[in-house]
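What follows is one structure encoded as structure tokens, with my remarks underneath.
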Amino acid sequence: MKNNKTQMLVEGAVMIALATVLSLVKVFKLPWGGSITLVSMLPICMFSIKYGVVKGLFVSFAYALIQMLLDLAEVMSWGLTPETLIACLLLDYILAYTVIGTAGIFRKHGMAGWIGGAAFALMLRLAAHFASGVFIWHSIGKLWEGFDTSNEYLYSLMYNGAYMVPEMIFTVIGAAILFSIPQTKRILAPTPKES
């Protein structure tokens with residue numbers, strides 16, 4: 001029992017470290033936050049698939065704190081009011097990255113569960129960024145020159161979808177590839193005693 005817990009803690013730490021390193025490899029970065037990375041959320045999704053949503057949420061919360069600390073200097077330079085800054089940190093970091101831990105929700109349903117869970121978790125992350133865009137960022141920045149930002153819902157969907165949709169596609173493809181490799185599938189199979 002103790003060895004299993006130690007193994008889980010070590011795997012969680014390794015997945016957080018791997019996700020953090022991958023998050024630093026930015027394929028494309030938008031001016032007001034958000035970027036396409038090298039499947040940085042896949043390790044957190046895989047941990048949740050193996051150990052379940054509850055443990056996945058704990059690991060993804062730790063990952064959220066690290067992402068917030070890595071970007072804090074940049075976010076502070078945007079000149080936000082204290083209230084807006086707190087709301088941004090809560091929606092765009094704490095909530096948006098913590099929900100990645102829900103990827104294990106369908107984990108016992110084979111490849112469809114892995115893919116569905118990863119897609120579900122990233123849709124929740126997109127929803128958090130979308131809410132932030134509507135309630136915090138609707139009057140800040142321009143996505144494209146001449147783009148009408150008066151509709152905050154459309155603006156937020158376009159801005160956040162510009163990086164989250166490719167990120168979601170890459171993560172789902174990564175989950176499908178990992179599932180198709182027998183050795184990885186065996187290692188990441190849901191633990192029998194976990195719900």
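Data table
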| quantity | calculated |
| --- | --- |
| Search result, residues across region 155-179 that are free of Cβ contacts under 8 Å to residues at least 60 places away in the same chain and not hydroxyl-bearing (Ser, Thr, Tyr) | 157, 158, 161, 165, 168, 169, 172, 173, 177 |
| Any chance residue 90 is crowded, with 19+ Cβ neighbours inside 10 Å, part of a helix (DSSP H, G or I) and out of contact with any Lys or Arg (no Cβ under 7 Å at 6 or more places or on another chain) | no |
| Among the residues listed as 38, 95, 57, the single one being surrounded by 16 or more Cβ atoms within 10 Å (Cβ to Cβ) and under 20 Å from residue 114 (Cα atoms) | 57 |
| Qualifying positions in region 25-37 - farther than 16 Å from residue 170 by Cα and in contact with a helix residue (DSSP H, G or I) (Cβ under 9 Å, 6 or more places away or on another chain) | 30, 32, 33 |
| Members of region 86-104 found to be modelled with pLDDT of 95 or more and of a type in the set (Val, Ile, Thr), listed by number | 94, 98, 99, 100, 102 |
| Single unsatisfied condition, residue 79 versus (1) in a loop (DSSP other than H, G, I, E, B); (2) closer than 28 Å to residue 113 by Cβ; (3) among the small types (Gly, Ala, Ser) | (2) |
| Condition check for residue 159: crowded, with 16+ Cβ neighbours inside 10 Å, modelled with pLDDT under 95, closer than 14 Å to residue 33 by Cα and among the aromatic types (Phe, Trp, Tyr) | yes |
| Residue pairs meeting the criteria (Cβ under 9 Å; at least 6 apart or on separate chains; first closer than 13 Å to residue 106 by Cβ, in region 117-128; second surrounded by 18 or more Cβ atoms within 10 Å (Cβ to Cβ) and of a type in the set (D, E, K, R)) | 117/107 |
| So residue 28, is it within 12 Å of the chain's Cα centre (by Cα), hydrophobic (A, V, I, L, M, F, W, C) and surrounded by fewer than 19 Cβ atoms within 10 Å (Cβ to Cβ) | no |
| Test: residue in region 143-154 that is touching a helix residue (DSSP H, G or I) at 6+ places or on another chain (Cβ under 9 Å), modelled with pLDDT under 90, of a type outside the set (Phe, Trp, Tyr) and part of a helix (DSSP H, G or I) | yes |
| Verdict on residue 187 being part of a helix (DSSP H, G or I), exposed (fewer than 14 other Cβ atoms within 10 Å of the Cβ), at pLDDT 90 or above and not acidic (Asp, Glu) | no |
| Test: residue in region 41-50 that is within 23 Å of residue 183 (Cβ to Cβ), outside any helix (DSSP H, G or I), modelled with pLDDT of 95 or more and out of contact with any strand residue (DSSP E or B) (no Cβ under 6 Å at 6 or more places or on another chain) | yes |
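The values are calculated or read from the model by the stated rules, or taken from the named source; none is laboratory data. Everything quoted here is computed from the prediction, not taken from an experiment. Note: ideal-geometry Cβ built from the backbone for every residue, glycine included; neighbour counts use all protein chains shown.
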